[in-house]
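Undergrad: Let me give you the structure first, and then I'll get to my questions.
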Amino acid sequence: MTTPVTPRLREMRWWDIDPVLELEKDLFPEDAWSRGMFWSELAHARGAEATRRYLVAEDGGRIVGYAGLAASGDLADIQTIAVARDHWGTGLGGLLLTELLRAATAFECAEVMLECRIDNIRAQKLYERFGFEGIGFRRGYYQPGNVDALVMRLTDPSTSVQGTEIHG
């Protein structure tokens with residue numbers, strides 16, 4: 001395990017899309033999001049009618065992680081969480097997830113859902129530590145690689161973030 005980091009977490013803005021895309025393409029080469037997908041999500045992340053929360057993590061001026069959540073009614077969906085390879089094992093994924101769960105609580109969501117690649121055991125273990133449980137599969141969800149997704153659910157996200165503190 002590498003040394004824990006406390007990067008600065010902040011709201012993702014349009015000028016972050018290019019560095020986020022670089023990280024996205026490195027981590028998810030087969031099924032990376034497009035520039036348009038990020039633009040579309042960020043369009044719903046500001047103002048009184050916001051239904052999204054997107055964050056970036058900066059370390060020394062470099063984006064080393066990002067995460068996003070969409071809310072609809074009492075249900076939130078974690079859209080993405082990514083951490084640069086050189087920051088794996090530092091706790092950054094947990095910091096990003098904690099902030100997304102705080103956002104779900106602020107949106108007054110009773111449940112949080114997500115899909116995780118069936119072969120991404122590292123991410124599944126992170127989600128399980130926060131109380132997520134596998135509830136099903138989506139066959140061929142990740143394209144074009146045709147990789148299945150494990151669907152996971154957390155009920156009452158507010159209980160998963162009590163007592164945690166975000167630095168940065």
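Undergrad: Could you please find all residues in region 16-29 being surrounded by 12 or more Cβ atoms within 10 Å (Cβ to Cβ) and under 20 Å from ILE118 (Cβ atoms)?
TA: Within region 16-29, GLU24, LEU27, PHE28 meet the criteria.
Undergrad: Shifting gears a bit: So, in region 30-62, how many residues would count as being outside any helix (DSSP H, G or I) and either of a type in the set (Asp, Glu) or in contact with a Cys (Cβ under 9 Å, 6 or more places away or on another chain) (or both)? Quick ask: steps written out before the conclusion?
TA: Taking region 30-62 as the starting set, the residues that turn out to be outside any helix (DSSP H, G or I) are 30-34, 43-62.
With the extra rule that they be either of a type in the set (Asp, Glu) or in contact with a Cys (Cβ under 9 Å, 6 or more places away or on another chain) (or both), the set shrinks to 30-31, 49, 58-59.
Qualifying residue count, region 30-62: 5.
Undergrad: May I ask you to list the residues in region 99-130 that are out of contact with any strand residue (DSSP E or B) (no Cβ under 8 Å at 6 or more places or on another chain), over 20 Å from ASP74 (Cα atoms) and among the basic types (Lys, Arg)?
TA: ARG122, LYS125, ARG129
Undergrad: Also, quick follow-up: Looking only at region 131-139, decide whether some residue is in contact with a strand residue (DSSP E or B) (Cβ under 6 Å, 6 or more places away or on another chain) and closer than 21 Å to PRO7 by Cβ.
TA: No; the residues of region 131-139 include none that is in contact with a strand residue (DSSP E or B) (Cβ under 6 Å, 6 or more places away or on another chain) and closer than 21 Å to PRO7 by Cβ.
Undergrad: Among the listed residues LEU150, LEU97, LEU101, which satisfies the condition of being without any contact (Cβ under 8 Å) to a residue 40 or more places away in the chain, closer than 19 Å to ARG10 by Cα and crowded, with 19+ Cβ neighbours inside 10 Å?
TA: Numbers: LEU150 fails: closer than 19 Å to ARG10 by Cα; LEU101 fails: without any contact (Cβ under 8 Å) to a residue 40 or more places away in the chain.
The conditions single out LEU97.
Undergrad: Looking at (1) within 15 Å of the chain's Cα centre (by Cα); (2) within 20 Å of GLU115 (Cβ to Cβ), can you tell me which one LEU75 breaks?
TA: Here LEU75 clears every test but (1).
Undergrad: If you go through region 63-78, how many residues are in contact with a helix residue (DSSP H, G or I) (Cβ under 8 Å, 6 or more places away or on another chain), over 16 Å from LYS25 (Cα atoms) and either of a type outside the set (Gly, Ala, Ser) or crowded, with 24+ Cβ neighbours inside 10 Å (or both)? Full working, then the answer.
TA: Here is the first cut: in region 63-78, the ones in contact with a helix residue (DSSP H, G or I) (Cβ under 8 Å, 6 or more places away or on another chain) are 63-71, 76, 78.
Now restrict to residues that are over 16 Å from LYS25 (Cα atoms): 68-71, 76, 78.
Now drop any that are not either of a type outside the set (Gly, Ala, Ser) or crowded, with 24+ Cβ neighbours inside 10 Å (or both), which leaves 68-69, 76, 78.
Residues that pass the stated criteria total 4.
Undergrad: Can you tell me how many residues in region 52-94 are touching a residue at least 40 places away in the same chain (Cβ under 8 Å) and among the polar types (S, T, N, Q)?
TA: 2
Throughout, read-outs are computed from the coordinates displayed, never taken from laboratory work. Predicted, not measured: the structure shown is a model, and the values here were computed from it. Ideal geometry is used to build each Cβ from the backbone, glycine not excepted, and the neighbour counts take in all protein chains shown.
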